Amino acid sequence: MPFLTDRMHDSQRQQKLEAALADENAGVVGRADYKAASARALASRFSFDLDLVEAELRAAIIGQDEAIGQVLEILKVVRADIGDPRKPLASVLFCGPTGVGKTETVRTIARAMYGDADAFCRIDMNTLSQEHYAAALTGAPPGYVGSKEGTTILDQEKIEGTRNLPGLVLFDELEKASNEVVLALMNVFDNGILTVASGERTYSFRNSLIFMSSNLGARELMALDDAVAFTPRAIWARLTSVSKPRSERAHDIVMRCLLERFPPELVNRIDHIDTFNWIGSDKMPALVDVELERLNRRLKKHDLWLEISDEVRGFVASKGYDKRFGARGLRRAIRRHLEFPLAGYLLGDHGDFSPPDGSAVIRIQAQYRDGIVSFRQF
């Protein structure tokens, strides 16, 4: 009986929450109890591997060591299970230019924890740009069509996670949503609960890692880093903050842009605000290798493996570098200069592909000569 099963699950969840709150409300333990507790090994309910998450992040997210470090510090608190049980496990806002790895960071965490890069609830806030779209997030109010169903675009299973793994939520491009939609999140950040407008259904974010992304401040950050920027705003930023480290100046820019767009009470409810850097041209060869690995995952179903020469790597990196577009510009270059000719080679008149010496994999090498990428089996 689905109704009774739901009630049992809700009851069990409530009992666990009450137990966590009771432990927190008990106050500071005595010295003897504290020493005894310290002597025991930490037994956290979470089972994800921090080392694996770190390895995945550092392999997939290039040029964002500071942001990755902040994320790992947050995950340590979650892994230790010492957070406030009344709130989400963490609420994190990633700010910075487009194509630098903000969304990919969440995908990488999902892959490391769940083995699936799509194992998180993603809400594209640019689809909620009108105020009447708030119903898509909080449900239709009483008296309106759909109010009794209490349906929203939220995925409850991915939000709540499991006993051993946190739920993962991404509100992508936060600044593009209407004010009504954004303000509906304030209660989520504050106490981890979202009740639909009809009052008949409640979503709990208290076992969730909430991530948000925003491009606010991207133009100002470009002016900060561009040595030839002579706009009045860029000159004033340099004159007034020349004594501060670059990271502090970037944070000040992002905070100013956030407070221009959102009310202070919303910004104040976000636990962590991390700024992602522009991707420099020196990072592009490493990004080419990351994208090549993804391509090889797709080729694996055909028992194919692609290797590229240093000349191909340098050529694609130079074609794909554009500071304004980050890794997305590189992906377009790889598609045009690597995937398109590779598809032509595989479909062309080259005879049957067969693994040499009984190998299970057909190895193909990409070479570059005279502005052309060519392929050969080896």
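The values are calculated or read from the model by the stated rules, or taken from the named source; none is laboratory data. Since the structure is predicted, the reported quantities are computational estimates derived from the model, not experimental observations. Because the Cβ atoms are built from the backbone with ideal geometry, glycine has one as well, and the counts that use them run over all protein chains shown. Note: accessible area is taken over every heavy atom of the protein model, side chains too, but ligands, DNA and RNA are not part of it. Shrake-Rupley method; radii C 1.70, N 1.55, O 1.52, S 1.80 Å.
Details
- One decimal place: the segment S374-S281 gains 31.0 nm when fully extended, by the rule 0.36 nm per residue minus the C-alpha distance.
- Working ranking of peptides 291-298, 266-273, 253-260 by packing, defined as the average number of other Cβ atoms within 10 Å per residue, highest first, is 253-260, 266-273, 291-298.
- In Å², nearest 10: area of T103 left accessible to a 1.4 Å probe: 20 Å²
- Links that overshoot a 22 Å alpha carbon limit, given the list K176/K283; K102/K283; K102/K301; K283/K323; K102/K158; K283/K319: K176/K283; K102/K301
- Label zone at R269, where the point sits 7 Å out along the Cα-to-Cβ direction: the range 76-95 residues whose backbone N lies under 15 Å: 86-93
- Calculated accessible area for the range 270-348 comes out at 54 Å² per residue, all protein chains present (probe 1.4 Å; ligands, DNA, RNA ignored).
- Theoretical gain in end-to-end length, T202 to W305 [0.36 nm per residue, Cα-Cα removed]: 32.3 nm
- Potential lengthening of the chain between A80 and V361 amounts to 96.9 nm, from the contour at 0.36 nm per residue minus the alpha-carbon distance.
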